[in-house]
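First up is the structure itself, then whatever we jot down about it.
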Amino acid sequence: MRPSQAIRPLLSALNAAGKYSFKPPSFSVDNLIVGGGVVGLAIARKLVIQRPNDTTILVERHSTAGQETSSRNSEVVHAGIYYPSRTLKSILCIRGRRLLYDYCHKNHIPYQKIGKLIVALPNQVAEIKALHDHASSLHLPESQEPAVPIQLLTGDEARAMEPALSPDIAAALWSPETGIVDSHALMESFERDIGETSLSYSTKVVRIDRINEPRGKPGWVVQFVATDTSSGGEPQAVYTRSLINAAGLGAPFLTNEILPEHQWIPSYFARGSYVTCHGGRKLGVKRLLYPMPVKGMAGLGTHLTMDLAGNIKFGPDVEWITLGTKGEQGDNEPWKTWLTPSEERLNDMHTAIQTYLPGVSPSDLVPDYVGIRPKLAGPDGGFRDFVIRLDTADKDRGEGKMVSLLGIESPGLTSSLAIADMVVSNVLH
Ligand SMILES: Cc1cc2nc3c(=O)[nH]c(=O)nc-3n(C[C@H](O)[C@H](O)[C@H](O)COP(=O)(O)OP(=O)(O)OC[C@H]3O[C@@H](n4cnc5c(N)ncnc54)[C@H](O)[C@@H]3O)c2cc1C
Ligand SMILES: *[C@@H]1O[C@H](CO)[C@@H](O)[C@H](O)[C@H]1NC(C)=O
């Protein structure tokens, strides 16, 4: 990892360079969602179901849903072990996990509650006991019931479950509620629930204006261009009463569109690489295996995860990247070149894996894919919660809401249905 002082935020707004000028809207809708990742889709689904008389449209710049962070993650349904109590990450992960298992069960989405072991080296035993106490104490605000089942094991008990574990492992936590899910099947199911007429792909938002006229309806004019025409089609504009910004890595750029520059929200990016473990089945591992998280690290540690076919992969590691400090997002996603996996990460990843699974050799590991965490603070920033930000076009009347989902890193996939409930039932109302 590079020294932290070298990590600078990217400060940008969609139309910072002024390429697009205001256009009057040519049509109007009730709810516009920007971003067809798992979070935007879950919110659109909830709006379509809960407000059938509203016009709801979701726009996504790529030609299909979920091409960014939502398809570049571990596909783990998290139990909610680590997050500080009463935070959005904690509450929405626990609620979201229950809603997600229930949804997958009812809609025949492939998932498996395979459980996970968090394993500790001798010098981490005090820490893993503290993590056990923390997880055991968690409950939702609406209930006194323990919400995160967890069991403390000795090293031998853990090895009895997973014989491939290192003899150095001195203690472990068993989380029976952790699982894996087919995130693509999940998003396809959300798309079916939403319905084709509400989904507009290959549509990129390029400018946002606040509308607040004394006699008019407060709201937002959102300008967009088609990304599937080589000629670069004319921009169009739509008026929306409610605007939901679920643009993932690009979400701060959308919110910054409506803020004075001194209030711009900074974006930080932490890259996470995955490797496939060739011949991983010979390890005979049946559950997810996580090392103890290292304090101050941006992730949960390079862990073993598997897909529903039983293929084993390791990741994600943490590599902070700087994408210039200022500028227009323009056409490009500035992080795009960082999505190519590289051999460079293999050695460090192997070193991390070796501490708990000595049977994995460097030659078993092949670079697979990369995901980028949308961070709101840099390496020294400590714990940051999900942010669900509300701006209103007309503050006095409280009308014309814009909801921004910021810093939706892990456990955003697990939390998606709970985030949607909160946004639609609590924030938009
Ligand atoms: C390495 C890694 C591992 C993870 N592992 C897990 C895990 O195991 N379990 C878990 O629960 N969570 C995990 N997460 C978190 C999870 O993947 C994310 O929280 C979730 O996918 C975020 O979804 P989203 O819809 O907010 O964002 P995205 O999936 O990024 O979707 C945002 C969409 O907005 C679109 N967009 C952006 N700007 C514009 C614009 N101007 N116009 C139109 N469209 C636009 C983008 O094209 C994109 O499709 C992980 C994340 C990372 C990075
Ligand atoms: C939708 O509109 C119909 C017809 O006007 C009305 O009967 C119904 O109550 C409305 N539904 C909701 C959820 O507002």
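The values are calculated or read from the model by the stated rules, or taken from the named source; none is laboratory data. This is a predicted model, so every value here is computed, not measured. Here Cβ is always computed from backbone atoms with ideal geometry, including for glycine, and neighbour counts include all displayed protein chains.
Within the range 32-57, track down each residue that is within 16 Å of ligand 2 (Cβ to nearest atom) and touching a Gly at 6+ places or on another chain (Cβ under 8 Å).
Restricting attention to the range 32-57, the residues satisfying the condition of being within 16 Å of ligand 2 (Cβ to nearest atom) are 45-56.
VAL48, the sole residue that qualifies.
Of LYS19, LYS46, which residue is over 13 Å from MET187 (Cα atoms), assigned to a loop (DSSP other than H, G, I, E, B) and of a type outside the set (Asp, Glu)? Break it down into steps so the answer makes sense when it comes.
Values: LYS46 fails: assigned to a loop (DSSP other than H, G, I, E, B).
Exactly one of LYS19, LYS46 is over 13 Å from MET187 (Cα atoms), assigned to a loop (DSSP other than H, G, I, E, B) and of a type outside the set (Asp, Glu), namely LYS19.
Kindly indicate which of ASN73, ASN15, ASN31 is under 19 Å from VAL424 (Cα atoms) and either surrounded by fewer than 19 Cβ atoms within 10 Å (Cβ to Cβ) or touching a residue at least 40 places away in the same chain (Cβ under 8 Å) (or both).
Working: ASN73 fails: under 19 Å from VAL424 (Cα atoms); ASN15 fails: under 19 Å from VAL424 (Cα atoms).
So the residue among ASN73, ASN15, ASN31 that is under 19 Å from VAL424 (Cα atoms) and either surrounded by fewer than 19 Cβ atoms within 10 Å (Cβ to Cβ) or touching a residue at least 40 places away in the same chain (Cβ under 8 Å) (or both) is ASN31.
At pLDDT below 95 and part of a loop (DSSP other than H, G, I, E, B): is that true of PRO141 in this structure?
Working: at pLDDT below 95: yes; part of a loop (DSSP other than H, G, I, E, B): yes.
The answer is yes for PRO141.
Here is a yes/no grid of residues against (1) buried (at least 22 other Cβ atoms within 10 Å of the Cβ); (2) in a helix (DSSP H, G or I); (3) at pLDDT 95 or above:
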site: PRO334; (1), (2), (3): no, no, no
site: PRO367; (1), (2), (3): no, no, yes
site: PRO379; (1), (2), (3): no, no, no
site: THR392; (1), (2), (3): no, no, yes
site: SER404; (1), (2), (3): yes, no, yes
site: LEU413; (1), (2), (3): yes, yes, yes
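In the range 22-43, what count of residues is obtained for those that are in a strand (DSSP E or B), out of contact with any Ser or Thr (no Cβ under 6 Å at 6 or more places or on another chain) and not hydroxyl-bearing (Ser, Thr, Tyr)?
3
Exactly one condition in (1) modelled with pLDDT under 90; (2) under 17 Å from GLY378 (Cβ atoms); (3) of a type outside the set (Phe, Trp, Tyr) is not met by ARG281; state its number.
(2)
Of everything in the range 48-65, what is of a type outside the set (A, V, I, L, M, F, W, C) and either more than 6 Å from ligand 1 (Cβ to nearest atom) or in contact with an Asp or Glu (Cβ under 8 Å, 6 or more places away or on another chain) (or both)? Give them in sequence order. Steps first, please.
Applying the first criterion (of a type outside the set (A, V, I, L, M, F, W, C)) to the range 48-65 yields 50-56, 60-64.
Across the range 48-65, the qualifying residues are GLN50, ARG51, PRO52, ASN53, ASP54, THR55, THR56, HIS62, SER63, THR64.
Name the single residue, out of those in the range 20-47 being closer than 17 Å to GLY195 by Cβ and β-branched (Val, Ile, Thr), that is farthest from ligand 1 (Cβ to nearest atom).
Kept after step one, since they are closer than 17 Å to GLY195 by Cβ, are these residues of the range 20-47: 29-33, 36, 40-47.
From what is left, the residues that are β-branched (Val, Ile, Thr) are 29, 33, 43.
Working: VAL29: 15, ILE33: 9, ILE43: 9 Å.
Checked the range 20-47; the qualifying residue farthest from ligand 1 (Cβ to nearest atom) is VAL29.
Among the residues of the range 91-132, what is the count of those that are closer than 17 Å to PRO176 by Cα and not in a helix (DSSP H, G or I)?
Total satisfying the criteria: 9.
Residues to consider are ARG210, ARG192; find the one that is in a strand (DSSP E or B) and at pLDDT 95 or above. Give the derivation first.
On the way: ARG192 fails: in a strand (DSSP E or B).
Unique residue meeting the criteria: ARG210.
Mind checking which pairs have a first residue in the range 378-402 that is farther than 30 Å from ARG215 by Cβ and a second that is in a strand (DSSP E or B), Cβ under 6 Å, 6 or more apart or different chains?
Hits for this filter: GLY378/TYR268; PRO379/TRP320; VAL387/LEU406.
Go through the range 244-266 and count every residue that is more than 12 Å from ligand 1 (Cβ to nearest atom) and not in a helix (DSSP H, G or I).
Result for the range 244-266: 6.
Contact list please: Cβ distance under 6 Å, first residue in the range 187-208 and at positive phi, second residue surrounded by fewer than 19 Cβ atoms within 10 Å (Cβ to Cβ) and of a type in the set (Ser, Thr, Tyr), pairs at least six apart or on different chains.
So the pair list comes out as SER202/SER63; SER202/THR227.
Within the range 150-183, how many residues turn out to be farther than 18 Å from LEU92 by Cβ and not in a helix (DSSP H, G or I)? I'd like the intermediate steps shown before the answer.
Start the filter on the range 150-183 by keeping residues that are farther than 18 Å from LEU92 by Cβ, which leaves 150-174, 176, 180, 182.
Applying the additional criterion that residues be not in a helix (DSSP H, G or I) yields 150-154, 162-174, 176, 180, 182.
Residues flagged as farther than 18 Å from LEU92 by Cβ and not in a helix (DSSP H, G or I) within the range 150-183 amount to 21.
Quick one: is LEU88 at pLDDT 95 or above, crowded, with 17+ Cβ neighbours inside 10 Å and within 16 Å of ligand 2 (Cβ to nearest atom)? Reasoning before the result, please.
Details: at pLDDT 95 or above: yes; crowded, with 17+ Cβ neighbours inside 10 Å: yes; within 16 Å of ligand 2 (Cβ to nearest atom): no.
For LEU88, the condition - at pLDDT 95 or above, crowded, with 17+ Cβ neighbours inside 10 Å and within 16 Å of ligand 2 (Cβ to nearest atom) - is not met.
If you go through the range 78-97 one residue at a time, do you hit one that is more than 17 Å from the chain's Cα centre (by Cα), on the phi < 0 side of the Ramachandran plot and more than 13 Å from ligand 1 (Cβ to nearest atom)?
yes
Would you mind stating whether SER74 is assigned to a loop (DSSP other than H, G, I, E, B), over 29 Å from ALA393 (Cα atoms), of a type in the set (Gly, Ala, Ser) and out of contact with any Cys (no Cβ under 8 Å at 6 or more places or on another chain)?
Numbers: assigned to a loop (DSSP other than H, G, I, E, B): yes; over 29 Å from ALA393 (Cα atoms): yes; of a type in the set (Gly, Ala, Ser): yes; out of contact with any Cys (no Cβ under 8 Å at 6 or more places or on another chain): yes.
Answer is yes for this residue.
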